[in-house]
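Here's the structure, in C-alpha cells; my notes come after.
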C-alpha cells in the first residue's frame, strides 16, 4: 500500500507540475507557417525570421531532387504566400508517368527524411509519386556578416546553397516551423476530369510533402496516461493520441473478446491540442477520455467471461479507411496504479482484472464471473485465510493445465498421483463445462473452478503444479489474491522448450510469470533455462514430462496417418486477422493441394489436422477439405501422436514428443522471421531440430517424398538429435516429477528478488544511463581487484567490442571447449548468444557482471582492446589475438592521426601495456605490429585461429547452412564487398559513416542474374545509406552476420579496398579485386600502407567505377591472371595457416603441459602468473 501511495504521488507530480520543455531541433530561421485547403487549391503562407531575406519561389521536387514545378512567391520579402491550384494534379501525374516509364521508383525514400510508406494495399492504375516542397530564398552579400563568410570559407557553404559575387541563394525544406497552424483538416486536391488527386501532408520529420494518387499511411500512436476508478464499477481511461497528418473525425473504444470476437463499444471524448500541435510542426495531437460503466454493460449482457483486448477505432477526415489500433503504451507508474473493477447484477459478479500484454504492453481486461455467494466467500476467505490454515490439511497440492484442459502433463501427473498415492490431498482444477472434464472426473479430487471448494483449497495449498502460469489454477488472477497465496509454484511445462525464445513469457525476469521450480527434460534444455532464461541451478531440475510415460508406452498400433499440428500465432487475435494471414493461406494451400492428396492416396495415408488450443476457434474453416479435423477435447494429443506415422508441424514442441517415438518429423516454417522474432531461437534450428526444415510447400513435398522412399523411417541423424532432448529414466517420468516436487524446498535470495522486480530494473536502467554509472563501476572494479581472488579456471572472451561471436577468440574458445580442460568461460556479447556449453555464460559488455568477471578472470582473450581504464592484474594473462594482418599504417607509424580525439593515442598506449602476449600470423605481421604499437612484449606466431575453419569446415553442409541462414537464391554465385572505414568520415566517439562508392543500377547491370552482391561494412561504421528498394534482392547487407570468416566460405569473389580481409580470404584460393576509388587520399593523407599497393596485392587495382564495372563483366579471367601471384602471397603472409592455430594457442596457454602441435614454442609461466615466450 505504501509503495502504491508513493507511485500516486509521483503520478500526480508528473501530471500537475510544470515540465522542463524539450529542446526540439528546429531552425530558428523558420518562424511561422499556415496551411489552408479548399476543394480547388492549397494556400501555404508564413514567414522566415530574417527580414533581410527575399523568398523567391516554392520548388516542387521529385525524389531525384529534380524540380518539377516552380511557384513564384506572391510576397516580395521574408514573408511568403503560395497557391497550389488543382491543375497541379495533372502536372505531377505527367511527371510521375514519365518517371515510371523510365523505370524510376517514384515512392522510394529520397534521403532527406525518413518518410512513412504509402498504403500497401491501395491498388491504382494511375501513376503515383511523392514530392518534396522547398523554399528558395536569396540574401545580398552586403547583408552577410564577416563571421558568416569566414565560417563558410573554412567549413563550406550550408547544404543546397550557392554564393556568387552579389547574392547568397539557398533552398530549404518547407516544414519544421516554430509555429505551424492548420486550422482545418487538409483535403486532397482533385482533378475532376481524371479522378486523380494529390494529398498534402506532414511527414515524420515535420516537412511538407505531396503524395500523388495514394493516401499517406496513418500510423497513430495512442498512449495511456492514467487508468482510475470513479467507483468500483466505473473505469476512466485517459491519455494522448498522436495521429501525425490525419485529423480525427470520430473515435471510440472497442473491447474485443479474444475468442468470440464479440465487440463492446465505449464512447471516447476527444480534445484536439491545437497549441501543442502547432509547436510540433503541425503534427496532430489529442487528449482523450473514455469512461467504462461495467455494471451497465454486464447487466445488458454485453460482457462474457474471458479476455477483452482494448482497441481504438478511428475515422479520419479525407481518408478512405478507418483504423483499428491497439490501446497501450502505458508507463510503469500507470501500469502499477491500474485498478481492478466489478460488474454486478442481482445474482452474479464479474471481476474485471486489467493487465498489460507481454512485449507491447497493450491493455486487456480479464473477466472472471462468480455467483454472488461464491464471490462473498472468496472475499471472506482472503481475509481469514491465516486462521483457516491452522486447521487445514498440511500438504495440499493443486494440479492442472489451462482451466478447460485435462490431457497434458497436468492430467498425466494427477492420474499418477491418484493411482499411486490416493491418500494424499492432491486436487485437479478444471472448468466443469469443459469437454475434457469427463476424462479427469472419475479419478476423484476434482475441483470445479471458482467453486467454494476450489477457493478454499487454493488458499490452503502448499504446491501449485501447472503446465502454464500458476495463476491459471487460481479462482481469481488478481494481485490481491496472489498476495494471499502461500503455495510454491511448480512449472511442469506443456512441451520441450527451445524453438522460440520464450523469455518474455517464461523467463526469470518475465513480468507476468513466476515460478519457484522449473522442470525440464534434458541437460540441453536445462542449460537454456539457466543460461538463457536466467534461472538459478537450484530452480531447474531434469525430470522429463509426465506425459512421456504414456507416450513411450508401446500400447497403440501405428496407423497410416499423417498428423498436421501447427502451433499458434500470437498476432492472430481476431477472425479478420486470421483470414488475412499467411498462416491461413499456407495451410489452406497445403491441405487442399492435389499433390498432398495424391501423395496420401499413393501411400494410403489419412490426413489429420489438429490446431493449437489457441487457434481451435478456427478449426471449422478447414472442414470443407478432404481431411479429418480434430476439435478441442475430441482426442488426446498424445494418442494422436502415438498412432501417427509421420508429423508435419512448424515450430510446435509436439515435434520433440513425436521424435522421441523415432518417427519422421517435417517442419514447414514459412514465417520464421516473424515467429522466431528479433530475439532469435535458443537452438541452432538447422542443426538441432529433429527433422528437416522446409521454407515452402514445394520444399515440404520434396522432403515428404524422401521420407516415403525411406519407407517412413526416421533418419539416423534426426534420431541422434532427438536423444539430446530426452534424458532416459530408470523409473517413470511421473515418479521423477513427484520425487523432485516432494523434496523441493524453496530458497530465494534478496538479490534475486531485486533482480526480478520491475521497479528495481527500471531504477537500474535510469542509473545505467546516468553520469554516475561508470565512476561507480570503475571504483568497484578496482575494489574487486584488491579483495577478490583470481579464479584460475576462468576465461573471459570478447570479440568486436561485444558485437560479434566471431574472429580468433571464437575459435580459441571452441577449441578450448573441444579439449574439455575444465575451464569456466564468460563470453562478452551485447545481444542474445546461445552456447551449448554448461561451462559458459554470456555477459553484456560494461554491465556490472562484466566488471566482476574481468576483475577475477585468470585469462582475457580479445581481438580488440578492452576499455583503457581496465588494468590487468599481475596474475591475469591477456591474450591479444588482434583482428587482421595490417595493410594500412597504424598508430605510431602514422604521421598524422585523423578522426580521433586528443587522448586517443594515450588511451591505446595504456591498453597495449596490458597485453601479456600478441598472436601473429606471420613474421611480416610480427614486425609490423611491433612497429605500429611500439610493443616489445611476447609475440606468438601461431597463425590466426579464425582461419582454421578454411581447413576444417569448408564443406557442403556448412556452406548450405550459411546460404540458408542468409536466404540466398539457390545457384547464385556470391560476391562479397567488404570495405574498411575512412578516418576522415568520423561521427565522433570512435564511430564513422560510409557512402557506397558505386551506382547500384550500373553494378547490377554488369553482374546480370548470375551473382548476389553481399555488403559488409566495418564494425566501426554506424551510419550508411540504405540499399535502394529495387535492388534489395540482389544486394544484401550482411554486416550483422556474426562471423565474416563464414561468409568467406560462400564467397566466389571478394571486393575490398584497404581492409585486411584479403589476407584471410587468400586462404580460400579464390579471386579478389581492390576497388580503391580514393587511393591518393587514403595513401597520401589518411593512412599510407606497409605494402606496395600496386605490386604486392594479389588482384587488380580498380581506381574508378568504370574500371570496377569492366572487371565485373569478366570475372572468370581473374583467377587465371592472378593465380601465381596469389600462391606467392599466401605463402608469404600466411605461412602458419594450416587449420591448427587454435589448438596451438590452447595447448600453449590452457593445457596442463604447454606445448604446440606445429612450430614448437617455449612457454614458461612467470612469477606474476602470466605466460611468455
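The values are calculated or read from the model by the stated rules, or taken from the named source; none is laboratory data. In this text, all values refer to a predicted model and were calculated from it rather than measured experimentally. Neighbour counts are summed over all protein chains in view; Cβ atoms, including those assigned to glycine, are modelled from backbone coordinates with ideal geometry.
Structural remarks
- Scanning the stretch 512-549 for residues that are part of a helix (DSSP H, G or I), surrounded by fewer than 19 Cβ atoms within 10 Å (Cβ to Cβ) and in contact (Cβ under 8 Å) with a residue 40 or more places away in the chain returns 523, 538.
- Unmet requirement for residue 1101, which otherwise passes all of (1) surrounded by fewer than 17 Cβ atoms within 10 Å (Cβ to Cβ); (2) assigned by TED's automatic domain parsing to the domain that holds residue 1017; (3) out of contact with any strand residue (DSSP E or B) (no Cβ under 7 Å at 6 or more places or on another chain): (3)
- Residue pairs meeting the criteria (Cβ under 7 Å; at least 6 apart or on separate chains; first farther than 27 Å from residue 65 by Cβ, in the stretch 141-164; second at pLDDT 90 or above): 143/52
- Single condition residue 760 does not satisfy, out of (1) over 30 Å from residue 523 (Cα atoms); (2) under 34 Å from the mean Cα position of the chain (by Cα); (3) at pLDDT 90 or above: (3)
- Answer residue from the stretch 696-734, given it is under 30 Å from residue 592 (Cα atoms) and in contact (Cβ under 8 Å) with a residue 60 or more places away in the chain and is surrounded by the most Cβ atoms within 10 Å (Cβ to Cβ) among those: 704
- Check on residue 736, closer than 30 Å to residue 410 by Cβ and assigned to a helix (DSSP H, G or I): yes
- Screening residue 172 against (1) in contact with a strand residue (DSSP E or B) (Cβ under 6 Å, 6 or more places away or on another chain); (2) at pLDDT below 90 leaves a single unmet condition, (2).
- Residue match in the stretch 1070-1082 (condition: assigned to a loop (DSSP other than H, G, I, E, B) and either under 25 Å from residue 965 (Cβ atoms) or more than 39 Å from the chain's Cα centre (by Cα) (or both)): yes
Listed here are the residues, each with its yes/no results for (1) over 18 Å from residue 40 (Cβ atoms); (2) at pLDDT below 95; (3) surrounded by fewer than 22 Cβ atoms within 10 Å (Cβ to Cβ).
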site: 183; (1), (2), (3): no, yes, yes
site: 215; (1), (2), (3): yes, yes, yes
site: 224; (1), (2), (3): yes, no, no
site: 236; (1), (2), (3): yes, no, yes
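- Residue-level analysis places residue 767 outside the set of residues that are without any contact (Cβ under 8 Å) to a residue 12 or more places away in the chain, surrounded by fewer than 17 Cβ atoms within 10 Å (Cβ to Cβ) and within 30 Å of residue 882 (Cβ to Cβ).
- Among the criteria (1) under 21 Å from residue 436 (Cβ atoms); (2) outside any helix (DSSP H, G or I); (3) free of Cβ contacts under 8 Å to residues at least 12 places away in the same chain, the one residue 620 does not fulfil is (2).
- Applying the criterion of being part of a strand (DSSP E or B) and in contact with a helix residue (DSSP H, G or I) (Cβ under 9 Å, 6 or more places away or on another chain) to the residues of the stretch 262-285, the residue that is farthest from residue 369 (Cα to Cα) is 284.
- Where strands (runs of 3 or more DSSP E) fall entirely within the stretch 938-1016, those with at least 2 residues that are over 30 Å from residue 907 (Cβ atoms) and not assigned by TED's automatic domain parsing to the domain that holds residue 927 are at 973-977, 1011-1015.
- Verdict on residue 638 being touching a strand residue (DSSP E or B) at 6+ places or on another chain (Cβ under 8 Å) and either buried (at least 16 other Cβ atoms within 10 Å of the Cβ) or at pLDDT 90 or above (or both): no
- Listed conditions (1) in contact (Cβ under 8 Å) with a residue 40 or more places away in the chain; (2) surrounded by 22 or more Cβ atoms within 10 Å (Cβ to Cβ) are all met by residue 508, apart from (2).
- Among residues of the stretch 310-325, those that are crowded, with 17+ Cβ neighbours inside 10 Å and at pLDDT below 95, counted: 3
- Residue identified as in contact with a strand residue (DSSP E or B) (Cβ under 9 Å, 6 or more places away or on another chain) and over 20 Å from residue 224 (Cα atoms) among 273, 302: 302
- When 180, 169 are checked against the criterion of being outside any loop (DSSP other than H, G, I, E, B) and within 14 Å of residue 282 (Cβ to Cβ), 180 stands alone in meeting it.
- Any strands (runs of 3 or more DSSP E) falling wholly within the stretch 188-261 and containing at least 2 residues that are within 29 Å of residue 290 (Cα to Cα): 196-202, 221-231, 234-244, 248-257
- Among (1) surrounded by fewer than 20 Cβ atoms within 10 Å (Cβ to Cβ); (2) touching a residue at least 40 places away in the same chain (Cβ under 8 Å); (3) outside the structural domain of residue 233 (by TED's automatic domain parsing), the one test that residue 396 misses: (1)
- Residue count for the stretch 1098-1145, restricted to those that are over 12 Å from residue 1072 (Cβ atoms), touching a residue at least 40 places away in the same chain (Cβ under 8 Å) and part of a loop (DSSP other than H, G, I, E, B): 8
- Residue 288 being surrounded by 18 or more Cβ atoms within 10 Å (Cβ to Cβ) and touching a helix residue (DSSP H, G or I) at 6+ places or on another chain (Cβ under 8 Å): no
- Qualifying positions in the stretch 329-363 - free of Cβ contacts under 8 Å to residues at least 40 places away in the same chain, over 18 Å from residue 310 (Cβ atoms) and not in a strand (DSSP E or B): 346, 347
- Of all residues in the stretch 1018-1032, those satisfying the criterion of being more than 18 Å from residue 981 (Cβ to Cβ) and free of Cβ contacts under 8 Å to residues at least 60 places away in the same chain are 1027, 1031, 1032.
- Residue in the stretch 455-475 that is farther than 24 Å from residue 743 by Cα, in a loop (DSSP other than H, G, I, E, B) and at pLDDT 95 or above present: yes
- Within the stretch 840-853, the residues that satisfy the criterion of being closer than 15 Å to residue 788 by Cα and touching a strand residue (DSSP E or B) at 6+ places or on another chain (Cβ under 6 Å) are 849, 850, 853.
- Within the stretch 364-383, being surrounded by 19 or more Cβ atoms within 10 Å (Cβ to Cβ) and in a helix (DSSP H, G or I) holds for 375, 378, 381.
- Looking across the stretch 795-831, the residues that are touching a strand residue (DSSP E or B) at 6+ places or on another chain (Cβ under 8 Å) and surrounded by fewer than 19 Cβ atoms within 10 Å (Cβ to Cβ) come down to 817, 822, 824.
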